[in-house]
Each structure stands twice: as C-alpha cells, then as structure tokens.
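Heads up, the thing below is written out as structure tokens.
The values are calculated or read from the model by the stated rules, or taken from the named source; none is laboratory data. Since the model is a prediction, treat every value here as computed from it, not as a measurement. With ideal geometry, Cβ positions are generated from the backbone for all residues, glycine too; neighbour counts draw on all protein chains shown. What goes into the accessible areas is simple: the full protein's heavy atoms, side chains included, and nothing from ligands, DNA or RNA. Shrake-Rupley method; radii C 1.70, N 1.55, O 1.52, S 1.80 Å.
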Amino acid sequence: MQTVDEKLITTDFIPFLSRKRVRVSVLRTDKIHPVISGNKWFKLKYYLEDAKIQNKKRIITFGGAYSNHIVATAAACNMNGFESVGIIRGEEPRNYSHTLNDAMAYGMELVFLSRQDYQNKIIPKDLMAVDNYVIAEGGYGALGAAGAATVNYDRTGYDFVMAAVGTGTWMAGLINGKNPESEVIGISVLKNNYELEKQVADLLINEEKVNIVHDFHFGGYAKYTDEFIGFMNDFYNETEIPTDFVYTGKLFYGVKTLIEKNYFKPDSRILIIHCGGLQGNLSLTESTLMF
Ligand SMILES: *Cc1c(COP(=O)(O)O)cnc(C)c1O
C-alpha cells in the first residue's frame with residue numbers, strides 16, 4: 001500500500017503560558033501530507049489495507065460539503081488505486097466548496113443525499129456492488145481507532161495528551177495507544193453531545209474513564225465567534241502554528257483556557273496533537289485569518 005511518510009511528524013516546544021509552569025509541546029501531524037493531513041491518514045490506513053485484502057475496488061464514505069474526511073479519503077484512494085464515492089449530506093449546491101472540488105479532482109464521485117436519507121446513511125441502489133467497501137462517516141470504527149493508536153510520539157514524555165473530538169475515533173485510538181501513566185483528554189467540537197463518551201468507550205480495548213471537556217465548541221460544530229477567530233490569529237502570531245476553525249483552533253483554545261484555570265498541576269507535561277484539518281479554513285472569507 002502507498003502510505004504517507006509518518007516520520008515527518010515533529011514535536012515543537014511552544015512557550016505557551018510558561019508562567020503557569022506547565023510544559024506544552026505540539027505534535028504536528030498536520031505536516032504529514034498536504035491533503036491527507038493529520039488524524040485522517042491514521043484513521044484511514046487500516047480501512048484501506050482491509051479493503052485491499054478483501055479485494056474491494058471501490059471505497060464509499062460519507063461526509064458534509066466541507067469534510068476533511070471526504071477529501072482525505074479521495075486523496076488516499078487516488079494514491080492507492082481505489083475508486084471512491086463520497087456521499088455528501090444535503091442537496092447538491094450550485095457552487096461546490098473547495099473540499100468538494102478537490103475531492104472530485106482526486107477522482108471521487110460525489111453523490112448528494114437529502115438530509116433525511118443521509119441521516120439514515122442510505123446508499124443509493126445504483127451504487128450497490130459486491131466490491132464496495134464502506135467506511136463510516138468520519139472514519140468512525142475499530143480500524144480507525146487502531147490506526148490512530150499508531151501515531152508516533154514519545155509515549156513516556158507526557159502526563160496529558162490533548163485531542164480534538166468529532167466522532168471520537170481519534171481519541172479512542174490515542175487512549176488505546178497511550179502509556180498507562182498518561183491521560184488523554186478530549187476537547188469536543190460539538191455542542192453538548194454527551195453521546196461522545198460512549199462513542200469513545202465503545203472503541204476502547206481496555207475499560208478506561210473517558211474525559212471529554214464540552215466547554216469549547218463556540219456554538220457548535222463549525223461555529224465560531226470573533227473572539228475565537230482573534231485567538232486563532234494571535235496564536236499564529238505567537239507560535240507560527242496555523243489552526244483550523246472547526247477542530248484544532250478549539251483544541252488549542254481549550255487547552256490554553258484549561259491551563260489558565262490551573263486545571264493541570266504545576267510541572268505537568270502536556271502534548272497537544274495538532275490533528276490537521278487546515279483545508280477547512282478555505283471555506284472562510286479570505287480576510288478572516290492572517291495565515
Ligand atoms: C476529523 C478531525 C477530527 C475529529 O476526529 P474524530 O476521530 O472524528 O474524533 C479532529 N481534528 C481534525 C483536524 C479532523 O480533521
């Protein structure tokens with residue numbers, strides 16, 4: 001299988017709230033590939049391997065018009081010789097998003113479903129075929145978590161590993177792959193979705209408590225405020241680390257706020273995993289972000 005170079009990942013120390021006497025590092029999984037960036041590569045890789053083993057020809061998956069998972073799947077399928085179909089939530093838009101145009105450029109066939117049919121994850125009849133391989137929305141599932149568990153970092157170097165949470169696959173994999181002495185804390189990007197703890201728990205290999213913070217969604221999935229965009233710009237100015245407004249901006253904002261509130265005891269070593277997603281910023285008007 002064609003893979004991306006996972007070794008490209010680097011860890012940068014950032015002088016971020018150092019007066020609080022915590023040590024904060026960032027693992028830049030966003031750097032592994034320009035399109036299949038961050039957590040999407042890790043979540044996809046074992047699904048693709050499984051599809052290959054089963055001799056499947058076509059990958060079908062689900063997502064919204066701005067989905068990182070859709071474009072990453074399109075690119076990863078292109079790289080590995082699979083046909084791909086993206087089943088997209090909602091009616092076909094008059095103007096396609098960057099995400100959809102990029103997915104099409106990677107050869108993905110796009111099929112638009114009404115929100116009702118999408119909710120039921122109905123695959124249109126004319127797409128049914130024996131050599132389809134279906135990946136759930138967002139890559140949710142055991143193989144996605146197994147891939148996430150392989151992310152490469154110093155397992156004994158940190159007390160806390162911080163993850164953005166959408167479906168919870170990423171967080172579950174990080175928990176499955178962590179050192180027993182460390183704790184993974186999730187920052188939810190969804191508004192009051194208390195199903196997430198169960199979604200994560202269902203993918204865990206050993207029983208563990210699931211710690212998700214629900215305070216940093218800024219109104220809900222892909223919602224944002226001026227204050228939040230201001231944070232993303234300031235954070236970039238200070239650290240030269242670009243974030244996206246759907247996931248990693250909320251993750252970094254959340255960690256910063258938790259540090260300010262003395263959530264972590266002094267001398268804690270905190271690893272924030274930048275999980276990619278920067279393509280999502282293309283949906284913002286151009287002057288919103290300075291990077
Ligand atoms: C998809 C995505 C997530 C969410 O991952 P889950 O496994 O669905 O929780 C987090 N961050 C980024 C950048 C993503 O693209």
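Working only within region 43-71, note down all residues that are assigned to a helix (DSSP H, G or I) and either basic (Lys, Arg) or within 17 Å of Asp244 (Cβ to Cβ) (or both). Don't jump to the end; show me each part of the working.
We begin by selecting, within region 43-71, every residue assigned to a helix (DSSP H, G or I); these are 43-53, 68-71.
Matches in region 43-71: Lys43, Lys45, Lys52, Asn68, His69, Ile70, Val71.
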**Request:** Please enumerate the residues belonging to region 51-73 that are away from the ligand (no atom under 14 Å from the Cβ) and buried (at least 17 other Cβ atoms within 10 Å of the Cβ).
**Result:** Ala51, Lys56, Arg58, Ile59, Ile60, Ala65
**Message:** Please go through region 207-245 and give me each residue that is in a helix (DSSP H, G or I), over 12 Å from Met290 (Cα atoms) and open to solvent by less than 60 Å² (accessible area, probe 1.4 Å), ordered by number.
**Reply:** Phe228, Thr239
**Prompt:** Can you find even one residue in region 80-100 that is at pLDDT 95 or above, in contact with a Gly (Cβ under 8 Å, 6 or more places away or on another chain), aromatic (Phe, Trp, Tyr) and outside the structural domain of Val189 (by TED's automatic domain parsing)?
**Reply:** no
**Item:** Which numbered condition Val165 misses (of (1) more than 14 Å from the chain's Cα centre (by Cα); (2) surrounded by 15 or more Cβ atoms within 10 Å (Cβ to Cβ); (3) more than 21 Å from Val4 (Cβ to Cβ))
**Value:** (1)
**Asked** In region 121-149, what residues are part of a loop (DSSP other than H, G, I, E, B) and within 14 Å of the ligand (Cβ to nearest atom)?
**Response** Ala136, Tyr140, Gly141, Ala149
**Request:** Within region 1-36, work out how many residues are open to solvent by less than 40 Å² (accessible area, probe 1.4 Å) and at pLDDT below 85.
**Result:** 5
**Request:** Could you tell me which numbered condition Ser188 fails, if it satisfies all but one of (1) more than 30 Å from Lys223 (Cα to Cα); (2) of a type in the set (S, T, N, Q); (3) touching a strand residue (DSSP E or B) at 6+ places or on another chain (Cβ under 6 Å)?
**Result:** (1)
**Asked** Hey, does region 191-206 have a residue that's away from the ligand (no atom under 12 Å from the Cβ) and open to solvent by less than 20 Å² (accessible area, probe 1.4 Å)?
**Response** no
**Request:** Look through region 152-172, keep the residues that are touching a helix residue (DSSP H, G or I) at 6+ places or on another chain (Cβ under 8 Å) and in a loop (DSSP other than H, G, I, E, B), and return whichever of them is farthest from the ligand (Cβ to nearest atom).
**Result:** Asn152
**Selection from region 101-151 of residues that are more than 25 Å from Gly38 (Cα to Cα) and free of Cβ contacts under 8 Å to residues at least 12 places away in the same chain** = Gln116, Asp117, Gln119, Asn120, Ile122, Lys125, Asp126, Met128, Val130
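Would you check if Ile229 is more than 13 Å from Ala145 (Cβ to Cβ) and within 12 Å of the ligand (Cβ to nearest atom)? Explain how you work it out, then say what you get.
On the way: more than 13 Å from Ala145 (Cβ to Cβ): yes; within 12 Å of the ligand (Cβ to nearest atom): no.
No: the conditions fail for Ile229.
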**Message:** Contact list please: Cβ distance under 7 Å, first residue in region 72-100 and part of a loop (DSSP other than H, G, I, E, B), second residue of a type in the set (S, T, N, Q), pairs at least six apart or on different chains.
**Reply:** Glu91/Ser114; Ser97/Ser283
